[in-house]
Amino acid sequence: MGLSKLNSLYREVILDHADHPHHKHALAESTNTITLKNPTCGDVINLEIKLTPDDKIADIGFTGDGCTISQSSASMMSDAVMGKSKEEALKMAKTFSDMAIGKEHPQADLDELQDAAILSNIMQFPARIKCATLSWWALQRALLEETDDTSEEES
Amino acid sequence: MGLSKLNSLYREVILDHADHPHHKHALAESTNTITLKNPTCGDVINLEIKLTPDDKIADIGFTGDGCTISQSSASMMSDAVMGKSKEEALKMAKTFSDMAIGKEHPQADLDELQDAAILSNIMQFPARIKCATLSWWALQRALLEETDDTSEEES
Amino acid sequence: MAQKLSDTQTDFPILNQEVNDERLVYLDNAATAQKPNQVVEALVHFYQHDNANVHRGVHTLAERATAAYEDARHKLQHFIHAEKPTEVIFTKGATDGLNLVASTYGEANVKAGDEIVISIMEHHSNLIPWQQLAIKKHATLKYIGLTADGELDMADAAAKITDKTKIVAVAHASNVMGTVTPVKALVKLAHDHGAIFVGDGAQAVPHMPVDVTDLDVDFYAFSGHKMMGPTGIGVLYGKEDLLQAMPPYQYGGEMIGFVHRDNSTWAELPWKFEAGTQNIAGAIGLGAAVDYLNNIGMDRIQAHEQDLVNYLLPKMEAMPGVTVYGPQDPAKHTGVIAFNLDNLHPHDVATALDMEGVAVRAGHHCAQPLMEYLGLVATARASLYLYNTQADADKLLTALQETKEFFNHGTVKAK
Amino acid sequence: MAQKLSDTQTDFPILNQEVNDERLVYLDNAATAQKPNQVVEALVHFYQHDNANVHRGVHTLAERATAAYEDARHKLQHFIHAEKPTEVIFTKGATDGLNLVASTYGEANVKAGDEIVISIMEHHSNLIPWQQLAIKKHATLKYIGLTADGELDMADAAAKITDKTKIVAVAHASNVMGTVTPVKALVKLAHDHGAIFVGDGAQAVPHMPVDVTDLDVDFYAFSGHKMMGPTGIGVLYGKEDLLQAMPPYQYGGEMIGFVHRDNSTWAELPWKFEAGTQNIAGAIGLGAAVDYLNNIGMDRIQAHEQDLVNYLLPKMEAMPGVTVYGPQDPAKHTGVIAFNLDNLHPHDVATALDMEGVAVRAGHHCAQPLMEYLGLVATARASLYLYNTQADADKLLTALQETKEFFNHGTVKAK
Ligand SMILES: Cc1ncc(COP(=O)(O)O)c(C=O)c1O
Ligand SMILES: Cc1ncc(COP(=O)(O)O)c(C=O)c1O
């Protein structure tokens, strides 16, 4: 098979996001922040969110190091949740992590995820699932205002 | 085979010693004492020796609980070393433990051991070697004035 | 009589051997159990197809090994009915798990003047960790006594467990007395006094259905090798909130979050307690053992052993010169039967039985304080498992009779 | 080029498989080694013929199991040239052994103001136990740095080790830098200042002859699974007088002398440090691994790996975009080769290599402080063993080239 299977992981859009990540910067002010780590490789994400008083995501930004998958996933996640309500964003995070472990979801849910939906074929690369889910997991924990932790949980 | 092999372990003389152990009593006064334990079964031997000023075994006695083999071995050991010099007794202890692990020794050395030499077939019952060697090991450590310890070393 | 539970002929080749020219009758199951081929094959399969280190690998074998290892954790979780896989920590065995709790939870929560309550029939592995902790912390170690029948004295338990008690640690099933303790009632007693309960399940999990959530135990430790799993693997169950609050036990690879020069943070549960490369194949083999036991059914296994005890125990009790410890009523007696014969030393009895192919244990069974309490130096012990049969029981009875006769023929008996 | 050392075809069936439709090239040996059939068969044989618990049994299987277990100890003793079998303690692995020393010797001997000296390239398992001990005891943890080439900086070692130093703990071979440390010189430095030396042999014992007596190390820990033994078993070597003076690590069955209600005494060495049922089959399997390695000869194994490094390293260094860490001179580089490719994240590299059947590791290799020191987040790592061949090296080189091309074809690279 050689590298051909890689094409299904490293799609053009994924490589684009990784090369030019959106929202990759610190926020001047934020209401919810978290630092999470991918224990598999030591990659780190710092996620900052600014919620409006009525719990809408007014701004989002991330910093940190990571592989192609985690960087592009964070970029696509940020795009997808901008302007969404806290509740909507949490639902999207759930959709994404379900998708990553192969659970079925209505197409409408997947459409919500925008570009991020393309990571559904991460399933074929089980070792990389954590790379894809890290930023969504960070989103969820930041929104739920869970305390910083050192590593991601089993996905 | 059934129990017939047992006859070679539980020889008449061994059963005699176990039933009527010689020297099984505490000494009124002693110069060297030790308490040792067979870690395999929890059996204990307290050995007391009275050395003369010129290092001859003037008296020896043991107390404690044990199986047929350990009791008769202690009895036969006590018989064999009574009146011997410290040096001779140590040599006998060495002969005995060598014998128990199957090392060859000149017949003269074995004869020195008196009744105890009969335990040479303990070899066929590896799990019982420690029962047979415990009292000899106690003798050696008592004579060398090693501190009490809790259990016997690997034989 | 009980039906056959397993195809011993094919599943347990070790039992199809002769020892001292006699058919092997293995009655030392409380020490360790034999392993069905299915478990051995799980090990062989892992080593010949998937062997890799887990968790940190990106490559295919590492991913397979990780999946198999975590899958085994899920099997164990469901086997003991834990709520979450994060509550299932792989250890080296029961001893390792009990030491873990004493060194982390115990170390952090027991202070001078506190009390730790255990029972007088504890195995050294559930005794010395608490004894040494008590010594170190200037706490008091209290022992719950037994009834005349060898069961846990619950009146004494109620008296010993007080508001000063921080930890109650008791075996779910005794490895000497053949009794099962009322864990649920003990847990309630402990909780009523603000103490936690640590269960030693080494002799329970292999032989009966165990539901840690229903029992409401705070910690519960057991060994794989006694339940047909490989050696060197065991499980510590712990309630998530307790585990969460505890410091790690060992430090090293896999259990970390961030490591800086002067400080570190820890991984999430359960990995926080799994430092370094674990017994990966062992965990997978233990998972296969769970499959094997589940296939038969723990209820059936328990019933089978009870049937054998109902058959064997009265016959042993009826044999002149035999003393059986623990409950004389078979209905109250597990498949662990400690006994003595005449005034023979149990060591001599075990050697004689071995000549007949019957493997039993002799000694203090790692329970010296219990021996002292019973006024004994040692006992012999026959212990059953699912592959034992009525024929095995009969062989033990015959061999005991012959042993008696052998030593009576001699002029003497040991003291 | 090196001759073939082992009959891979028959001895390592796991290596005769395809992964992602490509021949498996296993280059993750620093994480764990594959097991020859001889080791797997030793496990199978034990479980199918001799399985019993050790030391306390009187019956035939127990005696056989005990003899096999203690025989394995003797094999390990001779393998590392320890003077006595009492100095060889079976552990769960290197992490377990290092924690044991920190928790017993360290706990008893390190006081406020003392110093512990390790190196910046330590694996977390030989780092966090000392870091946490230092925190607990208010001692100072000092790190020996590296030369530009990635070797241990002995001038810095001489400066860091002082009369305040109580423990020096350094890896014999690095699991990242591909360097061997001058253990004998470090031991002398430590002893000159009244400190003891703890060696982490996890990456050394599998790959080169090791003589603990000649090295004069005080403690030395390593893992079985990295030297073709089963998972869940390892060895801690310790000098007898030190072990003698130390308190036990865990408490339970098998490690006791007398147990009374309120106190206990301990068994003799090595059993004092082997509480509870050990990984009996694991120890026996490790003994079989030692036999396998001895049959080939550690000198030949070392030479074979050196030959491969001589072939592979210059080619990797010559490949545009590849950065190899540690010594650039193959003669100074072990078979552990950490590298990065372009500015690709090593995780992406490892996934791509896996598509080509090449198993390498990516990450911080349990050495976060080293990564920080080198200014890296992570690296990929290829690591060799005796079954690897020039064809494997070639496959790695081709796959690296193809990975480069794949990611260059895309419009972008990862940060
Ligand atoms: C240098 C070094 N030390 C210690 C360890 C820890 O070994 P284990 O995980 O087998 O306990 C490793 C293996 O990862 C290592 O490479
Ligand atoms: C009741 C009980 N607890 C604890 C243990 C210790 O188990 P392990 O030796 O497997 O750690 C045993 C087994 O001997 C036992 O019977």
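The values are calculated or read from the model by the stated rules, or taken from the named source; none is laboratory data. Predicted model, so just to flag it, every value in this text is computed and none were measured. Ideal geometry is used to build each Cβ from the backbone, glycine not excepted, and the neighbour counts take in all protein chains shown.
Take residue D:143 and decide whether it is in the same structural domain as residue D:279 (by TED's automatic domain parsing), more than 30 Å from residue D:295 (Cα to Cα) and within 16 Å of ligand 1 (Cβ to nearest atom). Give the derivation first.
Details: in the same structural domain as residue D:279 (by TED's automatic domain parsing): yes; more than 30 Å from residue D:295 (Cα to Cα): yes; within 16 Å of ligand 1 (Cβ to nearest atom): yes.
Yes, satisfied.
Quick test of your reading of the structure: residue A:59 fulfils all but one of (1) among the acidic types (Asp, Glu); (2) in a helix (DSSP H, G or I); (3) crowded, with 16+ Cβ neighbours inside 10 Å. Name the failing condition by number.
Tallying (1) among the acidic types (Asp, Glu); (2) in a helix (DSSP H, G or I); (3) crowded, with 16+ Cβ neighbours inside 10 Å, residue A:59 fails exactly one: (2).
Among the residues of segment D:264-277, write down those that are more than 7 Å from every other protein chain (Cβ to nearest Cβ) and either more than 11 Å from ligand 2 (Cβ to nearest atom) or over 20 Å from residue D:102 (Cβ atoms) (or both).
Of all residues in segment D:264-277, those more than 7 Å from every other protein chain (Cβ to nearest Cβ) come to D:269-274.
Across segment D:264-277, the qualifying residues are D:269, D:270, D:271, D:272, D:273.
Assess whether residue C:91 counts as being buried (at least 24 other Cβ atoms within 10 Å of the Cβ), within 16 Å of ligand 1 (Cβ to nearest atom) and within 14 Å of chain D (Cβ to nearest Cβ). Lay out the reasoning, then the answer.
On the way: buried (at least 24 other Cβ atoms within 10 Å of the Cβ): yes; within 16 Å of ligand 1 (Cβ to nearest atom): yes; within 14 Å of chain D (Cβ to nearest Cβ): yes.
Spelling it out, residue C:91 is indeed buried (at least 24 other Cβ atoms within 10 Å of the Cβ), within 16 Å of ligand 1 (Cβ to nearest atom) and within 14 Å of chain D (Cβ to nearest Cβ).
Can you pull out the residues in segment D:165-223 that are within 12 Å of the chain's Cα centre (by Cα) and among the aromatic types (Phe, Trp, Tyr)?
Answer for segment D:165-223, where residues must be within 12 Å of the chain's Cα centre (by Cα) and among the aromatic types (Phe, Trp, Tyr): D:220, D:222.
Give D:134, D:155, D:94 a once-over and let me know the one that is aliphatic (A, V, I, L, M), free of Cβ contacts under 8 Å to residues at least 60 places away in the same chain and within 28 Å of residue D:244 (Cα to Cα). Quick ask: steps written out before the conclusion?
Numbers: D:155 fails: within 28 Å of residue D:244 (Cα to Cα); D:94 fails: free of Cβ contacts under 8 Å to residues at least 60 places away in the same chain.
Checking each option against the conditions leaves just D:134.
Does residue D:63 qualify as being in the same structural domain as residue D:127 (by TED's automatic domain parsing), modelled with pLDDT under 95 and away from ligand 1 (no atom under 16 Å from the Cβ)? Reasoning before the result, please.
Working: in the same structural domain as residue D:127 (by TED's automatic domain parsing): yes; modelled with pLDDT under 95: yes; away from ligand 1 (no atom under 16 Å from the Cβ): yes.
So residue D:63 passes the test.
One line per residue, one yes/no per condition, for (1) among the small types (Gly, Ala, Ser); (2) buried (at least 24 other Cβ atoms within 10 Å of the Cβ); (3) out of contact with any strand residue (DSSP E or B) (no Cβ under 9 Å at 6 or more places or on another chain):
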site: C:317; (1), (2), (3): no, no, no
site: C:320; (1), (2), (3): no, no, yes
site: C:324; (1), (2), (3): no, no, no
site: C:337; (1), (2), (3): no, yes, no
site: C:360; (1), (2), (3): no, yes, no
site: C:367; (1), (2), (3): yes, yes, no
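Looking only at segment D:191-235, how many residues end up being within 13 Å of ligand 1 (Cβ to nearest atom) and of a type in the set (Asp, Glu)?
1
Of the conditions (1) under 19 Å from residue D:221 (Cβ atoms); (2) in a helix (DSSP H, G or I); (3) more than 11 Å from ligand 1 (Cβ to nearest atom), residue D:167 fails just one. Which one is it?
Here residue D:167 clears every test but (2).
Only one residue in B:8, B:73, B:30, B:97 is in a helix (DSSP H, G or I), over 20 Å from residue C:344 (Cβ atoms) and among the hydroxyl-bearing types (Ser, Thr, Tyr). Which one?
Values: B:8 fails: over 20 Å from residue C:344 (Cβ atoms); B:73 fails: over 20 Å from residue C:344 (Cβ atoms); B:30 fails: in a helix (DSSP H, G or I).
Result of the check over B:8, B:73, B:30, B:97: B:97.
Do we find that residue D:61 is closer than 30 Å to residue C:58 by Cα, within 11 Å of another protein chain (Cβ to nearest Cβ), surrounded by 17 or more Cβ atoms within 10 Å (Cβ to Cβ) and in contact with a helix residue (DSSP H, G or I) (Cβ under 7 Å, 6 or more places away or on another chain) in this structure?
Values: closer than 30 Å to residue C:58 by Cα: no; within 11 Å of another protein chain (Cβ to nearest Cβ): yes; surrounded by 17 or more Cβ atoms within 10 Å (Cβ to Cβ): yes; in contact with a helix residue (DSSP H, G or I) (Cβ under 7 Å, 6 or more places away or on another chain): yes.
So residue D:61 does not fit the description; no.
Just to be sure, is residue C:150 outside any loop (DSSP other than H, G, I, E, B) and within 28 Å of residue C:379 (Cβ to Cβ)?
Working: outside any loop (DSSP other than H, G, I, E, B): no; within 28 Å of residue C:379 (Cβ to Cβ): yes.
Answer is no for this residue.
Where residues in segment D:101-121 are facing chain C (nearest Cβ under 9 Å) and in contact (Cβ under 8 Å) with a residue 40 or more places away in the chain, which of them is nearest to ligand 2 (Cβ to nearest atom)? Even if it seems obvious, please write down each step before you answer.
Step one: list which residues in segment D:101-121 are facing chain C (nearest Cβ under 9 Å), which gives D:102-103, D:120.
Restricting the remaining residues to those that are in contact (Cβ under 8 Å) with a residue 40 or more places away in the chain gives D:103, D:120.
Numbers: D:103: 18, D:120: 37 Å.
By that ranking, first place goes to D:103.
Could we say that residue C:124 is in the same structural domain as residue C:239 (by TED's automatic domain parsing) and touching a residue at least 60 places away in the same chain (Cβ under 8 Å) here? Break it down stepwise before answering.
Working: in the same structural domain as residue C:239 (by TED's automatic domain parsing): yes; touching a residue at least 60 places away in the same chain (Cβ under 8 Å): yes.
Yes, satisfied.
If you check residue C:113 against the conditions, is it away from ligand 1 (no atom under 16 Å from the Cβ) and in a loop (DSSP other than H, G, I, E, B)?
Yes; evaluated as a whole, the condition is true for this residue.
Pick from B:19, B:79: which is over 27 Å from residue D:257 (Cβ atoms), of a type in the set (Asp, Glu) and more than 14 Å from chain C (Cβ to nearest Cβ)?
B:79 is the lone residue from the list that is over 27 Å from residue D:257 (Cβ atoms), of a type in the set (Asp, Glu) and more than 14 Å from chain C (Cβ to nearest Cβ).
Based on this model, can you work out whether residue C:377 counts as more than 10 Å from chain B (Cβ to nearest Cβ) and either within 21 Å of the chain's Cα centre (by Cα) or at pLDDT below 95 (or both)? Please lay out each step first, then the result.
On the way: more than 10 Å from chain B (Cβ to nearest Cβ): no; either within 21 Å of the chain's Cα centre (by Cα) or at pLDDT below 95 (or both): yes.
Judged against the criteria, residue C:377 is not a match.
Test residue B:35 against the stated conditions and say whether it is at pLDDT below 95, surrounded by fewer than 21 Cβ atoms within 10 Å (Cβ to Cβ) and farther than 19 Å from residue B:116 by Cα.
It is true that residue B:35 is at pLDDT below 95, surrounded by fewer than 21 Cβ atoms within 10 Å (Cβ to Cβ) and farther than 19 Å from residue B:116 by Cα.
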